[in-house]
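Chemist: There's a structure below that I have some questions on.
The values are calculated or read from the model by the stated rules, or taken from the named source; none is laboratory data. Because the structure is a prediction, the values reported are computed rather than measured. Please note: Cβ atoms are built from the backbone with ideal geometry, for glycine as well, and neighbour counts cover all protein chains shown.
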Amino acid sequence: MGNRIASALNSLSMPPSASPSPWIVLKFGGTSVSQRHRWDTIGTLMRARAADEGGKVLVVVSALSGVTNLLQSGIDRADSPPYLAELLAQLRARHLDFAAELGLDGETVLAGRLAELQHLLHDPRRDTRVFHWQAELLAQGELLSSTLGVAYLASQGLPVAWLDARDWLTAVPLPNQSAWAARLSVSCDYAGDAAWRARFESNPPLLITQGFIARAADGGTAILGRGGSDTSAAYFGALLRARRVEIWTDVPGMFSANPRAVPDARLLSRLEYQEAQEIATTGAKVLHPRCIHPCRDMNVPLWIRDTGRPDMPGTCISRSAEPQTGVKAISTRSGIVLVSMESIGMWQQVGFLADLFACFKDHGLSVDMISTSETNVTVSLDPSDNLMNSNVLDALCADLAKVCRVKVITPCSAVTLVGRGMRSMLDRLTEIWAEFGRERVHMVSQSSNDLNLTFVVDEGVAHDLLPTLHALLIECGAMPVEQSAVFGPSWRAIAEPAVAEPVSWWQAAREALLQEAAAGTPAYVYHLPTLRRQARAFAGIDALERRFYAVKANAHPAVLTALAEEGFGFECVSLPELQHVRRTLSDLPAGRLLFTPSFASRAEYAGACDSADWLTLDSLYPLRHWPELFAGRRLVLRIDPGYGLGHHAHVKTGGPEAKFGLALDDVSAFVEAARVIGAEIAVLHAHVGSGVQDAGHWAQLFAQLAHVADGIGTVAAINVGGGLAVPYRDGEAEFDIAALAAALAEARRQWPQYALWMEPGRYLTAQAGVLLARVSQVVDKLGVRRIGLDAGMNALMRPALYQAKHRIVNLSRIGDADGPRVDVVGPICESTDVLARQVTLPADTAEGDVLLIDTAGAYGFVMANHYNLRDLPREVIFDV
Ligand SMILES: *Cc1c(COP(=O)(O)O)cnc(C)c1O
């Protein structure tokens, strides 16, 4: 531990301080002062600050964890002498036990303190619970913990002196302050004067004092209230014009989003005071917003550090010479109440707003955000104690109803983007607006300080939106995570240190791939061993009777041959696909060809009647208009189960917006039409989309179709389609095929009478294929670097078609250090000809390098085209 701290100290990532002051203020919270090894850390840090920086060190501590709550319970139950006696025993034991853990004689070290505690609990003032008694009692926790700390560090040979914070922090009375606030929620003077500082300089150079407490105007004890100890440290830092204030806590710092909701949230290494204030105010709990002001006013840097991870860089909050624009964080607050007020009076009625706001003032409610239109004013209310009582809202509405039509919208959440220069970034935020567009947005507010943009949405949706919004902010470049001075590691990387990525086939085949690229790019390369691995994983699903491969994903003859050998049938969506499979696989066993077209013509169905084993119909039209084609046949009926799923709106194939499938409402009409011509509905089919990650989906679909089948009577098999997701991006998990197998087995147990079919495409081929392309140009324009390739949307349509994200690596320079973010673009004259936006590639990426576009084996070559009269990519098979 000591070494880690020492190494952390050597890499101090603080800007040099302008302050000539020798003082450094360190603050430790409850969990940081309740264990012996944490006190060792405190001692190590004090020594290091003094030795390495020649500094003087003031340590501010909280009470042992839980103690302040215990003391508060003594106040709440001051009328119960038995409780107070028990409380005293509990507090004694807690501190004596910890003294013993520290190897101290607690009875001696704490004698005076414990006597004072006992005295206070018997003090006659407890009967009236006067505020000065409450303050004195609450102060005992910090007085005890600081006394123990000084004794322990002295026993370890560190000469630290104990300082009574009340001798140095003085409460300032504020106008209109209640008697309670003047004693139990005070603010202190933090300007100080030369005399104060001269007096302080006579103290020894290593000090420990208490957070949370100060001197009241009458000389008694006062409490700082919310943000307690952090604010004490900030006050001391400001008074001393300290080199810096270090807040040691149990989280690594401030993050670009709440890490519990967004594991990819990035540690914010550096922030300006205003940004930190805004983040703290709009949701983050790491630092109380109150403690930023004193440091900001006196230009003292604030540094948040993690006691449990002293080698992490933490978050440094300071003044910045050149403020950087960009979104730094996205935060949420719940419990927001909106009040929407519609004017019923005349347009431009004078005094309307004044009347409205008078009502809020009368009910003691503070307004946070406001938006107005010609006839409507909507405001949000800060969550406050006052509001918890819903009578206040009712009373407010009753008053407002006299001047306007009023509507209360609750519960809501405010989602806030924080960062400098929000206005200049609006154009980049289109995807963010689109994402919000799917929800009900009640209000949008942009602060006049250009530091925040807030969306108010229904509570509940905010939490689910966060990961998507965070990812979109990075993708669109609004959150410049490549600025490594500002954005540190992700929470995921901190919490679960990197596990080695599985090695892809192409990593092992790099030399061969580079040779292949030399023979001509762009080129698709398919790796048959990977294809077979996927095919066997899928074939391991015991509940399946038949498995078909969706040929449209990749129709290369070698792919079809390999899959036929693995026992797959083939699902074709056009007559040419059927004919291609027949030509390629001349000895395909019977029953293996399935035709599932969309809006096929009569002629196409007629052709398929001859070559396919199974014909799928998904509307009434063919049955009614071309009955002679289907009379007497066993048919597959494709159902639209009423919803679609998938990785993008364009791949969802169910629901009213989709052209596929027979609506459930029309099933009985179809059954009747089939009966009339003597056709039999032997198979029910549904395929609701592609890129579905939920392994439970297909079993649910099976159950849904089984119910439909029960009503038809002739059904023997149910085909639940394909659409299994594959990991396209770094960090995405492999599809959970075992979970799929288990869910299907369970579904089959319930409906053993229906055989189960599936028809995956990409799951089999996507990871087996890569696209190789060569760098044509590297161009910087207006702050954006573009890497040009000889392959674009002509070779791989997925990014342009579905905003698909493919990992791209520079095969020529594996392992070289990454440069700033770049866009990777193709040679096609279309603005959507972008293969990837804002991705990292080696800094030295240059003309002639071979880039590899990963996971391109499905929906790659099959969609390639001759647009701009360019040649199709080559296709190459690797079977080693
Ligand atoms: C495209 C398609 C599939 C395969 O989808 P994947 O996402 O590649 O698994 C399966 N069934 C039908 C009807 C399809 O159109």
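Chemist: If the requirement is being outside the structural domain of G721 (by TED's automatic domain parsing) and either of a type outside the set (A, V, I, L, M, F, W, C) or at pLDDT 95 or above (or both), which of these qualifies: A535, A553, A518?
Modeler: Residue meeting the stated conditions: A518.
Chemist: Another question about this same structure. Assess whether V671 counts as being assigned by TED's automatic domain parsing to the domain that holds F735, away from the ligand (no atom under 16 Å from the Cβ) and touching a residue at least 60 places away in the same chain (Cβ under 8 Å).
Modeler: no
Residue by residue, here is whether (1) buried (at least 22 other Cβ atoms within 10 Å of the Cβ); (2) of a type in the set (A, V, I, L, M, F, W, C); (3) outside the structural domain of T596 (by TED's automatic domain parsing) holds:
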residue: A738; (1), (2), (3): no, yes, no
residue: A741; (1), (2), (3): no, yes, no
residue: L744; (1), (2), (3): yes, yes, no
residue: R748; (1), (2), (3): no, no, no
residue: Y754; (1), (2), (3): no, no, no
residue: A773; (1), (2), (3): yes, yes, yes
residue: S776; (1), (2), (3): no, no, yes
residue: D780; (1), (2), (3): no, no, yes
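Listed here are the residues, each with its yes/no results for (1) among the basic types (K, R); (2) away from the ligand (no atom under 16 Å from the Cβ).
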site: A766; (1), (2): no, no
site: A791; (1), (2): no, yes
site: R807; (1), (2): yes, yes
site: E830; (1), (2): no, yes
site: D833; (1), (2): no, yes
site: A836; (1), (2): no, yes
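Quick grid of which residues meet (1) modelled with pLDDT under 85; (2) not polar (S, T, N, Q):
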| residue | (1), (2) |
| --- | --- |
| Q349 | yes, no |
| D355 | no, yes |
| C359 | no, yes |
| E374 | yes, yes |
| V377 | no, yes |
| R405 | no, yes |
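Chemist: Here is a follow-up. Pull up the range 590-626, narrow it to residues that are away from the ligand (no atom under 15 Å from the Cβ) and small (G, A, S), then point me to the one that is surrounded by the fewest Cβ atoms within 10 Å (Cβ to Cβ).
Modeler: A590
Chemist: Since A214 meets every condition but one in (1) under 29 Å from V286 (Cβ atoms); (2) in a helix (DSSP H, G or I), which condition does it not meet?
Modeler: So the condition that A214 fails would be (2).
Chemist: What are the pairs, 6+ residues apart or on separate chains, where a residue within the range 31-53 that is without any contact (Cβ under 8 Å) to a residue 12 or more places away in the chain and outside the structural domain of L158 (by TED's automatic domain parsing) has its Cβ under 6 Å from a residue that is surrounded by 19 or more Cβ atoms within 10 Å (Cβ to Cβ) and assigned to a helix (DSSP H, G or I)?
Modeler: none
Chemist: So the check is Cβ under 6 Å with 6+ separation or different chains; which pairs have a first residue in the range 557-586 that's under 19 Å from A535 (Cα atoms) and a second one that's surrounded by fewer than 23 Cβ atoms within 10 Å (Cβ to Cβ) and small (G, A, S)?
Modeler: So the pair list comes out as L585/A564.
Chemist: Pairs only if they're at least six apart or on different chains, beta carbon under 7 angstrom, first in the range 452-466 and more than 24 Å from A276 (Cα to Cα), second modelled with pLDDT of 85 or more and of a type in the set (A, V, I, L, M, F, W, C); list them, first residue then second.
Modeler: Once the first residue is more than 24 Å from A276 (Cα to Cα) and sits in the range 452-466, its partners that are modelled with pLDDT of 85 or more and of a type in the set (A, V, I, L, M, F, W, C) give D458/C412; E459/C412.
Chemist: For the range 445-489, how many residues meet the condition of being among the hydroxyl-bearing types (S, T, Y) and more than 21 Å from R420 (Cα to Cα)?
Modeler: Result for the range 445-489: 1.
Chemist: Do we have G219 as free of Cβ contacts under 8 Å to residues at least 12 places away in the same chain and closer than 25 Å to A63 by Cβ here? Steps first, please.
Modeler: On the way: free of Cβ contacts under 8 Å to residues at least 12 places away in the same chain: yes; closer than 25 Å to A63 by Cβ: yes.
Yes.
Chemist: Return the residue satisfying two criteria in turn: it lies in the range 529-559 and is aliphatic (A, V, I, L, M) and surrounded by fewer than 21 Cβ atoms within 10 Å (Cβ to Cβ), and of such residues it is farthest from P873 (Cα to Cα).
Modeler: Out of the qualifying residues, it is A543.
Chemist: Taking the stated definitions as given, is L629 within 12 Å of the ligand (Cβ to nearest atom), in contact with a helix residue (DSSP H, G or I) (Cβ under 8 Å, 6 or more places away or on another chain) and of a type outside the set (S, T, Y)?
Modeler: Answer is no for this residue.
Chemist: Go through (1) in contact with a Pro (Cβ under 8 Å, 6 or more places away or on another chain); (2) crowded, with 20+ Cβ neighbours inside 10 Å one by one and return the number of the condition A766 breaks.
Modeler: (1)
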